[in-house]
Amino acid sequence: MSTPLLEVRDLAVDLHLGGRALRVVAGVDFEIRRGETFALLGESGCGKSMTALALMRLLPDVGAVAGGAVRLDGEDLMARPEALMRELRGRRMAMIFQEPMLSLNPVMTIGAQIGEVLTGHLGLSAKAAAARTVELLTAVGIADPLRRLDEYPFQLSGGMKQRVMIAMALAGEPELLIADEPTTALDVTIQAQVLDLLKRLQAERGMSLLLITHDLGVVANMAHHVAVMYAGQVVESGSCEQVLQRPRHPYTRLLLTALPEVTGPNQRLATIPGQVPPLDGGVAGCRFAPRCAWVRDDCRSLAPGWDGTLRQGVRCPHADGLAALPEAPRGAGASGQAAGSDVPLLRAVDVSVHFPIRAGLLRHEVGAVKAVDGVSLSIPAGRTLALVGESGCGKTTLGKAIVRLNTLTGGEISFAGGDWSGLRGEALRSRRNQVQIVFQDPYASLDPRMRVADILTEGMAALGVGRNASDRLARVDRLLDQVGLPAAARWRFPHEFSGGQRQRIAIARALAVEPRLIVCDEPTSALDVSVQAQILNLLKDLQDELGVAYLLISHNLSVVEYLAHEVAVMYLGRIVEQGEAKRVLKRPQHPYTQALLSAIPRVDATRQTQRVVLGGELPSPANPPEGCHFNPRCAFADRVCREAYPPPVQADEREVRCHHVVQAGGAYVAAPLRPRLPGEL
Amino acid sequence: MIDLTTIEPALLWTDVLLIGLVLALVGLVWHIRRHAHLAAPWRKVALSRAGMVSASVLAVFAGIGLLDSLHYRPALPDAPALAAGPGAAGKALRHSVELRHSVELRSALDALLDPLPTQVETTYSAPMATRAFNKTALEGAAPGGTARDYPRLKFGGAHLADEGAAKVRDIGERVVRGALSGLACAVGALALLALLCGPRAAIGRFRGWLFGNGEDATHWAAWTLLGIATLAGALAWLAGGYHVFGTDKVGQDVLYQILKSIRTALVIGTLTTLVTLPIGVVLGIAAGYFRGWIDDVIQYLYTTLNSIPGVLLIAASVLMTQVYMDTHPESFETVTARADFRLLFLCLILGITSWTGLARLLRGETLKLRELEYVQAAQAFGVSSWSILGRHILPNVMHIVLIAMVMDFSGLVLAEAVLSYVGVGVDPSMISFGTMINSARLEMAREPMVWWALAAAFVFMFALVLAANLFADAVRDALDPRTRVRGVA
Amino acid sequence: MIAYIVRRLLYAIPILIGVNLITFALFFVVNTPDDMARMALGMKRVTPEAIERWKAERGYDKPLVWNAAEGGSRKVTETIFVEKSAAMFAFDFGQADDGRDIASEIRTRAGPSLAIAVPVFVVGLVTMISVALLMVFFRATYVDTSGVVLCVALMSISALFYIIGGQYLVAKVWRLVPISGYAGGLDALRFLLLPVVIGVVSGIGAGARWYRTLFLEEINREYVRTARAKGLSELRVLFRHVLRNGLIPILTASVAAIPLLFMGSLLTESFFGIPGLGSYTIDAINHQDFAVVRSMVFLGSVLYIVGLVLTDISYTWADPRVRLE
């Protein structure tokens, strides 16, 4: 057995905020072997990023290592003088960060930023460094690297920036690469590309990879070994397969069952009640005890010790005697369809939203960003239509157009049989209660200076719901109860609530005016998995109870799978495939839908479909490609695809816009898709 | 002490506005104290030592300025004599008819400082001097010839028979006595206040004020106030017998001028914001929220105003007022009222030239806020634009407004000095730091130099502006979300 | 880019008209051309004929903004406002009340003004950036804290005291340079040294403190963490990464100020008796010379707008992300 490359022993990190010391990392032990991918898994605030920064001794000014040892090849890094530490950084251990948009210096060229490592650590001349940079950029899959050398980060897309970050990290030929949420800020198709790249590079170079992530799917796809962190401690460690298939710690178990893709669409998701405890010291007993489904009396008083070896173990004395998870109650209607109907509540026909691009001396219009370009869809009452697509595809713009928050350029929308897009002034204002919206970011969607009661009554007062102020306050209590918050919450301010609770308030605000349709714009993408489950359950319950219809805007297909009855897949302002959720997600017809689905990293390896690698990135909606918008990225594209936008065809009980879904025997069916051979037209 | 029944309150425009502003501030503080979420950032100001020290220094300055803003007309000395004529009937009429009031205005500060304002020497005298700065021909000194010597002052050290050792002893005594009595008064006042806040925990509260409660830095404020009281006590005792900071060319006591300057600085520093705030806030958030042609018009307005060199615009406006005042002398009863009109106008014009910065800041912030999701949620409810501005935008830019207000104060105080020096500031008859420096400037060239007026103006102005700057820093640190700790995952 | 600049310059026209309108209104709200003539000719013994002659000579014999006697567009154009403003746009400033040509006066006085303003600007900028970088390098230590305290103290002192104090100490006590005055050629150095030093020192407090905040804001950004993760030394991080980004707002703010250097400094020039545009302006204010004040306002506005355009151009140069459209 070889010595581990990196050993971390009893590492503790303090953050000094406002005169108080928070122990955000409290005694973490692990080791990383050579050539291994080691995942540090945990939800936000568990201390995983601080652990990574502590390894590089790059903690922010307010942070400090409070104890423990970090050994690289047996040498204690914490004892190294800063000057010698610098020789290691970027050389033997390199790091990439979550936000590629912010992590590159905006005013330095790509070549200069990578070259800095080469000249600094490897002593290359400027010329040699440039040549080596080109090699590195090629290695991370950047086309035309010579031209990129003199470009600035803003000229690259998010995925490309992350590739540049990786190239920069590789420049010093590190033995250990620390990747802190490397794909969290990226779209799912780009995430797949970057993960593939990391996997390939790691295998080629025999690097060790410390992967820090909250995404169980990413762990399942990438890691050899996993350590699960909770509230500053490692609570479970083991091989990837063992932790994900046979989790032992209650937290890991609950985390896995909270995933919609694991649970399946018709069941309630398991949730973890409460939230991560504050870390300002004095945590008696097990840190997970307040949220644990199997909690026993001694858990609250006795801090559990580590049970097992450094490579495999669990921080729970009861881990092996746990009963099966208490069965979560099933959702009321088997599929929530009981309340639904097929009468369209909202119908959009040929809707377009264009934003003009102005230029020249007189600021005349020279073009338009066609954010939404001729979309037709209908939402039945009491059902959920999901709008799926990468960021920038126009799904949020469409959602806001439906709520009448921006103006249509063309097409029309009708609501409940009457006109909707044509309403103006008072006619629109008085009917605004019918369609409401829940936003993505629970922090930006509540006014920090208003109390919960004021937030909830604002819409009621504006739209005349409720007879008077006291009636509205009574409604506030009912609403809070509906979304599972205590009545006492109404006199509190948003900052006193956690992200999940804020999202509940946002949902209550929308519900307050008794809408028939709620546009949910990425309602869970800013939330942790365990909290996401609570919100998804809530949305489902409310639909069953109130018969409200949802337009669910999401890039997360497992959320869509769990909640939606119908799915519309958007690409560059247009819908490319639309139909019943089960069918579309099980047997996708459009190549884009197929690629999207296969790009999701699945926890359950058996569900991982054959990866359809999607090259390139979403083109600009200001200048969409000729013909089928998807053709530059499509493996099946031929001459027809480059010349004409495909008309909608009915295939397999859904509408698809693809030339390759062909008519056979009187009915359209999915063509047997075969990737185009090189040189074939 | 003056007989309060014989005076006639005569508030100037700036008095009314200043007092109104102070009342509004008191109301605001009361409102903030009742709302925990509003009070929370201000508690952080209380955590800052520099913030508490500077706040108490500012409070003392503000107190002096306010006292100087309570103007009244004293009864003329002969008036009671006239009124005390034939018996009881005359007595009844005394307040209504026969009591004549002086044309000149006095302020509560003047009354408090009495007789300092009236102790005017003939010309320059150095601080603590007993004799004048210049030799003059003394009457009947040497027989036959005219002897030239430094004459004794009329008031400074006039009680001393011996100007040598006795003077030193007298000064020492006054300093010690004054300091001790000042300190004693302040401690007594604090104790009384603690008792008034509720006798039950008075001792604990008193101890907390003086030695800290372990939470914030409010005891620094108490210590600062005690220090100032000690200093003020010593000054007061000295001023009883001497011109502590000397006298100026016309023999006016410099300490008195300094104390009068404070009000001018305060008026300029605060009333200007009364003009700046409404214009800047309304135009700034309207431009940011409505965009389109409203934004274009407002941007045109502030670019145009900004493009005019500030001093020139102020100069042109002040000249214009001066011409107006010269051509309409009948509108002003007294010299003081005239000077007050010019001061008010200066505030107005300073405000008009300085709202642009605030408006631009608020426009930018509003552009960001209007895209925020809670604003869109309100729009989705059909809430009217003005309600959104009042309910969502304004409260969320209020911290910027407050920070701008405190940050502007020191700049305005400094600007007053420069403008008055250039000649387009306050009326030359109004005592201000600027006019003091302006008249003291030529004295620097004298040999030997007359340095005291300048030095005194420097010390007090520096103290005021430094306190304002430090307080502004503390407020900004507490209110500005950007200055809070970042880089924490 | 060209289209952008042309558009900005076209936008300047309404602004300059607005500026003229404001100055015009300010002056003539209380003054009439007759008042001006009376003031120029001496208040008392002036015959109406003399007044008319004075007005006719200087073009003040027309209505202010509306000429009812004329027809068509001449109702507007044959007025004092339009004639005086139109001349301004051609940089024809006319004569001062003392009869001298304003334009040539401005030309001769610009030299001394720039001789002070440019060194103050350049030396000041370099000093402030250096001091700010020093504080940032030693951030959260006593060097930084005491630096900030010193800066706040320095910025709490009125410019007047800097000048008076400097004149007293350097010129009067140490007798190193003359107290005031001006001479042409190399001789000017003797006279310029003190005002320049005072100009730099009086600006240091506010400037260095502001630049420090800008640099600190940058140093907390994520790309700086990336730079450290590459193993760069703290000095290299500061100079190659932080300085470059932090300089963008400094540079653009400074560029806006460059054209205004022409206007000179009111205080410094009047204290040191330097015959620049600043003291010219002050004299005009004191003599209530409308023609000069109006010309200086117009000049200032033009320079301000030039500054705005230069700022935008300098942005594209300093920040590769910015493209003018």
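The values are calculated or read from the model by the stated rules, or taken from the named source; none is laboratory data. For clarity, every value in this text was computed on a predicted model and none was experimentally measured. Here Cβ is always computed from backbone atoms with ideal geometry, including for glycine, and neighbour counts include all displayed protein chains.
Annotations
- Those residues of the stretch C:204-244 which are in contact with a strand residue (DSSP E or B) (Cβ under 9 Å, 6 or more places away or on another chain) and not in a helix (DSSP H, G or I), in sequence order: C:230, C:231, C:232
- Members of the stretch A:491-509 found to be touching a Gly at 6+ places or on another chain (Cβ under 7 Å) and either of a type outside the set (D, E, K, R) or at the interface with another protein chain (Cβ under 9 Å from one of its Cβ atoms) (or both), listed by number: A:509
- Among the residues making up the stretch C:85-107, a single one is among the hydroxyl-bearing types (Ser, Thr, Tyr) and free of Cβ contacts under 8 Å to residues at least 24 places away in the same chain: C:104.
- Helices (runs of 4 or more DSSP H) wholly inside the stretch C:72-179 that include at least 3 residues being surrounded by 18 or more Cβ atoms within 10 Å (Cβ to Cβ): C:80-89, C:102-137, C:142-155, C:159-166
- Per the conditions (1) away from chain B (no Cβ under 14 Å); (2) in a loop (DSSP other than H, G, I, E, B); (3) free of Cβ contacts under 8 Å to residues at least 60 places away in the same chain, the sole criterion not satisfied by residue A:35 is (3).
- When A:477, A:447, A:454 are checked against the criterion of being surrounded by fewer than 23 Cβ atoms within 10 Å (Cβ to Cβ) and either within 11 Å of another protein chain (Cβ to nearest Cβ) or at pLDDT below 90 (or both), a single residue qualifies: A:454.
- Every residue from the stretch B:306-336 that is more than 27 Å from the chain's Cα centre (by Cα), among the aliphatic types (A, V, I, L, M) and crowded, with 21+ Cβ neighbours inside 10 Å: B:308
- Criterion: among the aliphatic types (A, V, I, L, M), closer than 21 Å to residue A:399 by Cα and not assigned by TED's automatic domain parsing to the domain that holds residue A:397 - qualifying residue of A:511, A:551: A:551
- The requirement of being surrounded by fewer than 20 Cβ atoms within 10 Å (Cβ to Cβ), in contact with a Ser or Thr (Cβ under 8 Å, 6 or more places away or on another chain) and within 14 Å of chain B (Cβ to nearest Cβ) is fulfilled somewhere in the stretch A:513-526, by at least one residue.
- Enumeration of residues in the stretch A:1-22 that are more than 14 Å from residue A:55 (Cα to Cα) and touching a Leu at 6+ places or on another chain (Cβ under 6 Å): A:15, A:22
- Meets criteria (more than 30 Å from residue A:34 (Cβ to Cβ), at pLDDT 85 or above and loosely packed, with under 13 Cβ neighbours inside 10 Å) for residue A:301: yes
- Looking only at the stretch A:43-74, and only at residues there that are of a type in the set (Lys, Arg) and over 16 Å from residue A:94 (Cβ atoms), the one that is farthest from the other protein chains (Cβ to nearest Cβ): A:71
- Filter pass, residue A:461 being out of contact with any Asp or Glu (no Cβ under 9 Å at 6 or more places or on another chain), free of Cβ contacts under 8 Å to residues at least 40 places away in the same chain and of a type in the set (A, V, I, L, M): yes
- Filter result (of a type in the set (Phe, Trp, Tyr) and either in contact (Cβ under 8 Å) with a residue 24 or more places away in the chain or on the phi > 0 side of the Ramachandran plot (or both)) within the stretch B:205-222: B:220
- Any hit, the stretch C:270-282, residues being touching a residue at least 12 places away in the same chain (Cβ under 8 Å), more than 12 Å from every other protein chain (Cβ to nearest Cβ), aliphatic (A, V, I, L, M) and outside any helix (DSSP H, G or I): yes
- Test: residue in the stretch C:234-245 that is touching an Asp or Glu at 6+ places or on another chain (Cβ under 7 Å) and modelled with pLDDT of 90 or more: yes
- Of all residues in the stretch B:309-323, exactly one satisfies the criterion of being of a type in the set (Gly, Ala, Ser) and more than 7 Å from chain C (Cβ to nearest Cβ), namely B:310.
- Between A:235, A:218, A:226, the distinction of being in a helix (DSSP H, G or I) and at pLDDT 90 or above belongs to A:218 only.
- Qualifying residue in the stretch C:138-148 (condition: within 14 Å of chain A (Cβ to nearest Cβ) and among the hydrophobic types (A, V, I, L, M, F, W, C)): yes
- Residues that are surrounded by 19 or more Cβ atoms within 10 Å (Cβ to Cβ), more than 14 Å from chain B (Cβ to nearest Cβ) and in contact with a strand residue (DSSP E or B) (Cβ under 7 Å, 6 or more places away or on another chain) within the stretch A:388-414 comprise A:388, A:389, A:393, A:394, A:395, A:398, A:408, A:413, listed in sequence order.
- The one condition in (1) crowded, with 21+ Cβ neighbours inside 10 Å; (2) closer than 25 Å to residue A:472 by Cβ that residue A:552 fails to fulfil: (2)
- Test: residue C:320 is more than 8 Å from chain B (Cβ to nearest Cβ), part of a loop (DSSP other than H, G, I, E, B), touching a residue at least 24 places away in the same chain (Cβ under 8 Å) and of a type outside the set (D, E, K, R): no
- You will find that of A:503, A:482, A:532, the residue that is over 13 Å from residue A:436 (Cα atoms), surrounded by fewer than 23 Cβ atoms within 10 Å (Cβ to Cβ) and not assigned by TED's automatic domain parsing to the domain that holds residue A:268 is A:482 and no other.
- Listed by position, the helices (runs of 4 or more DSSP H) contained in the stretch A:75-149 that have at least 1 residues being away from chain C (no Cβ under 12 Å) are A:110-121, A:126-139, A:145-148.
- Residue count for the stretch A:634-646 satisfying the condition of being crowded, with 20+ Cβ neighbours inside 10 Å and in contact (Cβ under 8 Å) with a residue 40 or more places away in the chain: 1.
- Checking each residue in the stretch B:425-443 for being part of a helix (DSSP H, G or I) and closer than 15 Å to residue B:458 by Cβ picks out B:433, B:434, B:435, B:436, B:437, B:438, B:439, B:440, B:441, B:443.
- When residues of the stretch C:287-316 are limited to those that are at the interface with chain B (Cβ under 9 Å from one of its Cβ atoms) and over 15 Å from residue B:309 (Cβ atoms), the one surrounded by the fewest Cβ atoms within 10 Å (Cβ to Cβ): C:288
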